[in-house]
Amino acid sequence: MTNAPQPLLQIEGLRAGVGGREILRGLDLEIAAGEIHALMGPNGSGKSTLSNVLMGHPDYEVGAGRVRLAGEDLLELSPEERARRGLFLAFQYPVAIPGVSVVQFLKAAVEAVRGRESVRAAAFLRELRETAAFLEIGEIFLNRPINEGFSGGEKKRMEILQMLMLRPRMVVLDETDSGLDIDALKVVARGVQRIAGPSAGVLVITHYERILNHIPPHRVHILLEGRIARSGGPELVAELERRGYDWLREPSAAPSG
Amino acid sequence: MPELPSDNKLIRDYAHGFVTPVEEEVVPPGLNEDIIRLISRKKEEPDWLLEFRLRAFRAWQRKTEPRWALVTYPPIDYQAIRYYAAPRSLSAGQAVDPEIARTFERLGIPLDERRRLEGVAVDAVFDSVSVATTHQKILEEHGIVFCSFSEAVRRVPDLVRQYLGSVVPPGDNFFAALNSAVFSDGSFCYIPAGVRCPLELSTYFRINAAGTGQFERTLLIADRDSHVSYLEGCTAPIRDENQLHAAVVELVALEGATIKYSTVQNWYPGDEQGRGGIYNFVTKRGDCRGARSRISWTQVEVGSAITWKYPSCLLRGDDSVGEFYSVAFTNRKMQADTGTKMIHVGRRTRSTIVSKGISAGESVNTYRGLVQIHPAAERARNHSQCDSLLIGDRCTANTFPVVESDNPTAVLEHEATTSRISEDQLFYLQSRGVDPETARSLIVNGFCREVFKQLPMEFAVEAVKLLEIKMEGSIG
Ligand SMILES: Nc1ncnc2c1ncn2[C@@H]1O[C@H](COP(=O)(O)OP(=O)(O)OP(=O)(O)O)[C@@H](O)[C@H]1O
Ligand SMILES: [Mg+2]
């Protein structure tokens, strides 16, 4: 044990890829408890790859590097163990599971993450209804098969509902703001604010400034070609809006890194 | 207590696999007219019923075992089977043997009137005989006859004689003929005109004795504008031998009547090497005889070494409706060839087929269906949906939907899919903390939802649990 305060999420020299192609090429990132970070970067720069690697998607191979959650080696754990340790990923493209209702899905998830006592019928349903109401999700959604025929915005809300029910301590939001109307964006932001706090970490992956107005980040990182090309304060967002990504690309950098 | 086989793993897989130590009265193995006469005599049957059996036996002798199903098994020696086994205590006309009562208790079916299931009347069949039927009083108040087949022959002989074999004739097919010749017991039910049966009716079939076959017969008649929901459950001990179960179920729905017939079939399926298990060769047919009648079959088939079964509807009445909802799960070396026939004879008859096949292990799971539109069936409609889900890569799924239409006004729709449990769905659930095994069973339950929601509530809960247990360790 060490006495130095540990970052909640610590990524060091992470190299990872998919289908034999390396996409993350030595990525470093630290998020402390109580902090909200934003991750921005052009399409295809590897943001979702990072999310999937963090969560343990079986298709993604890790070549090198370390990822720790509260000091514990995440890469050794199965996806479900990572979830039980308090990692949550709001997916960019949540999948549908035909015939499995939101209630059933969340019951299984809450039971797995928070324990069997948390799903005692009455209390669980009450909590689910309240949380859904907080996110302005109609009750009829709870009995519908999860994500089946849901609109883009409804799926995103459903991710936030899951997040609140699972009470994670490290949240990764992969473009949860994309495709949301203004009201939905506020609802999502409200959900994230409820989770954020002194003991939780949040990583907001986005292309747009507007969600960051609702969820102001402490730090902003820019992912380019599989590496963090620049980190800074919130002012970096405005600069990106103004200048795009090109000024960050090193003209001399060899593509293979 | 009933004796337990020593193999713990088997017990965990198949908790119903125990044997009850009762003394049973059995007839010698073999099948001939003398045996049939003996069975008939033991049951003190009237002559017409013996005649029915003998006619069926002669038809059976002329028939050959069907070979078109996609199932393989060594030849069955019909002369090696015992065609009758009954607990001795019962033939002596006593109250239910405590050992047998305990068996049913352990299977979740208390027979004691004070502790019986709420809202469900049960006819409990143990090997060849019905041992008890609960809730008699309330049923009688409504004029409903629900009892063992043998009792019905004594109580309402005219009804039995009028309807027996009227849907599945004695010579219908090889196994139906065999059943008609030797059937031992089963359930009989008559719902009078205009009566909505206040309870779920249920028969629980239990095979106990070794070396015997079970040949039960169910006859259910819903008179005009009546309504009944009927459930059927089955289990058997774990044994190395294969046991033959050749049942016949006949349903008759008169004008405006509705019959909902649900089955949860969990016969012993054999072990991992495919040793033992029940051969479930069953003929089930419903006759929508009257206009606006409706017969709905729901089956959850998770047991048996081999299943050969096609619950069908003969839609004779105008505007009659036939439905077939099926989940068939096969694992290990199980083989299922199951489906339905919807025969549209009346005008504007409608049918719905929803079949969900799940194959795991090295099993073979076949859907076989026939939708037939007769020339007079103006504007008949059928919708068929047949989905197969494969688990692992050593199993096989087949779909043989046959459509024969002799009326151009018919509207027929057919959809079929074959899929595997998607990695993305699995990962999605895992990312929410759910272990892969639970995730798979959740996905499979979702796949079956359309069928499960047809089951009465308590049965649906049971079916979900049962499938979960069956899924365990099915991922190789
Ligand atoms: N399963 C996969 N198979 C093959 N290539 C993949 C796979 N997943 C991602 N990639 C590739 O990896 C690169 C990074 O993709 P990723 O989804 O991580 O980008 P992103 O930063 O999230 O982009 P966006 O902003 O569009 O969401 C892309 O070139 C993409 O095509
Ligand atoms: Mg992405």
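The values are calculated or read from the model by the stated rules, or taken from the named source; none is laboratory data. Quick caveat: nothing in here was measured; it's all calculated off a predicted structure. Cβ coordinates were reconstructed from backbone atoms using ideal geometry, including for glycine residues, and neighbour counts include every protein chain displayed. For the accessible areas, the whole protein counts, side chains as well, though only heavy atoms, and no ligand, DNA or RNA atoms are used. Shrake-Rupley method; radii C 1.70, N 1.55, O 1.52, S 1.80 Å.
Here are a few things to note about the model shown:
- Of the residues B:ASP393, B:ASP172, A:ASP183, the one with the largest accessible area comes first in the ranking B:ASP393, A:ASP183, B:ASP172, computed with a 1.4 Å probe on protein heavy atoms.
- B:SER405, B:SER441, reordered so the largest accessible area comes first (probe 1.4 Å): B:SER405, B:SER441
- DSSP H segments from chain B that extend 18 Å or more along their own axis, Cα-based, with Kyte-Doolittle mean of 0.5 or above: B:457-471
- For region A:46-151, GluC sites (Glu not before Pro) are listed when DSSP marks them as loop and at most 16 other Cβ atoms sit within 10 Å of their Cβ; the list is A:GLU76, A:GLU136, A:GLU148.
- Within region B:166-251, GluC sites (Glu not before Pro) in DSSP loop having at most 16 other beta-carbon neighbours inside 10 Å: B:GLU241
- Largest to smallest in accessible area, the residues B:HIS414, B:HIS344 fall in the order B:HIS414, B:HIS344 (1.4 Å probe, all protein chains included).
- Ligands, DNA and RNA are left out, and with a 1.4 angstrom probe the accessible area of region A:9-249 is 41 Å² per residue.
- B:GLN273-A:SER151 pseudo-label distance in nm [points 7 Å out on the Cα-to-Cβ vector]: 6.1
- Rounded to 5, the percent of DSSP beta bridges in region B:9-309 classed as antiparallel: 15
- Estimated D of the protein assembly as shown in µm² per second, where Rh is the Kirkwood radius over Cα pairs and Stokes-Einstein applies at 25 °C, 0.890 mPa s: 85
- Solvent-accessible area per residue for region B:9-309 (1.4 angstrom probe, square angstrom): 35
- Dipole check for region A:124-250: with +1 at the C-beta of Lys and Arg, -1 at the C-beta of Asp and Glu, and the Cα centre as origin, the magnitude is about 380 Debye.
- In this simple spin-label model, placing a label point 7 Å from the Cα along the Cα-to-Cβ direction at both A:TRP247 and A:GLU12 gives a separation of 3.4 nm.
- For the protein assembly as shown, share of DSSP beta bridges that run antiparallel, in % to the nearest 5: 20
- For GluC sites (Glu not before Pro), the sites in region A:152-257 that DSSP calls loop and that have at most 15 other Cβ atoms within 10 Å are A:GLU209.
- At 1.002 mPa s and 20 °C, Stokes D of region A:9-249 from Kirkwood alpha-carbon radius, µm² per second: 117
- Label-point separation, A:ASP59 to B:GLU51 (7 Å along Cα→Cβ), nm: 7.1
- Global form of region A:143-257, assessed from the alpha-carbon gyration tensor, a/c cut-off 1.5: prolate
- Shown for region A:9-249: the carbon plus sulfur share of the solvent-accessible area, taken with all protein chains present and a 1.4 angstrom probe, equals 46%.
- Principal semi-axes in Å for region B:189-253 [√(5λ), Cα gyration tensor, largest first]: 31, 12, 6
- Hull volume per residue, based on the alpha-carbon atoms of region B:407-448 and their convex hull, is 87 Å³.
- Unit Cα scatterers, Debye sum, chain B: log10 I(q)/I(0) for q = 0.06 Å⁻¹: -0.24
- Label-zone membership for region A:99-127, site A:ASN143, 7 angstrom Cα→C-beta point, backbone N under 13 Å: A:101-104
- For chain A, averaging the sequence separation of C-alpha pairs within contact (under 8 Å, six or more residues apart) and dividing by the residue count gives a relative contact order of 27 percent.
- Accessible area of B:ASP387 in the full protein assembly, 1.4 Å probe (Å², nearest 10): 10
- For the chain pair A and B, buried accessible area totals roughly 2000 Å², probe 1.4 Å, rounded to the nearest 100.
- Given a 1.4 Å probe and the protein chains as shown, B:LEU455 ends up with an accessible area of around 10 Å².
- The slack in the chain from B:GLU415 to B:ARG67, taken as 0.36 nm per residue of separation less the alpha-carbon distance, amounts to 122.6 nm.
- Farthest positive-ward along region A:112-257 dipole, Cα basis, beta-carbon charges - from A:SER231, A:TYR245, A:LEU161: A:LEU161
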